[in-house]
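Below you'll find the structure, written out as structure tokens, and then a few comments.
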Amino acid sequence: MDNAAEHTLIRDLSRDVLTQIAPQELPLFKTVSAAWFADPDAAKKASKNRDAALGFGPDGFSILFTPLILQVVSEIMPILGGIALKATETAVGEEVSILVRKMFRRSEADASADPAPVLTREQLGDVHQHVIAAGKRLRLESAQAQRLADAVVAQLVLQKD
């Protein structure tokens, strides 16, 4: 995947996650994400320093979540890419079988009508655990890391209209 496509994917998934866990930051998302993509290494260093991620607000969720979400989503892209690659290989293999079957004019009744889900429960669990681990590395409280992991996995499971 090229950088522009990957950045768009990271940005879109991050915005969806942010909508779930910190919608008050949506007006800042475009600016913060542009800064994050302009220098992700600096953003990664800053996100490890909890003081650099401080935002405003009276509650326990007063940190700015946008850079943290962008960081976590960017970290799970290789995992999701690997899963997508395996799913593509499987789908291509099934398509080849169907085409070969058509060449011999066999019935397609035995071909599976419903494709397998792209992410299995185990794969979703792996993503969830990785997000929690990333949240801990970014010094999020356990409940915040759990909430972030739940939101990321929800975005991977929910169907888009």
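The values are calculated or read from the model by the stated rules, or taken from the named source; none is laboratory data. Just so it is clear, the structure is predicted and the values come from calculations on it, not from any experiment. When we count neighbours, we look across all protein chains shown, and the Cβ atoms used for this are built from the backbone with ideal geometry, even at glycine.
Below is a table of values for the structure above.
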| read-out | value |
| --- | --- |
| Close pairs from region 33-49: first closer than 11 Å to Pro67 by Cα, partner at pLDDT 85 or above and of a type in the set (Lys, Arg), Cβ under 7 Å, at least 6 apart | Ser33/Arg11 |
| Residue match in region 56-71 (condition: modelled with pLDDT of 90 or more and exposed (fewer than 14 other Cβ atoms within 10 Å of the Cβ)) | no |
| Residue within region 96-104 that is charged (D, E, K, R), modelled with pLDDT under 90 and in a helix (DSSP H, G or I) present | yes |
| Among residues of region 1-36, those that are over 12 Å from the mean Cα position of the chain (by Cα), hydrophobic (A, V, I, L, M, F, W, C) and within 19 Å of Glu75 (Cα to Cα), counted | 9 |
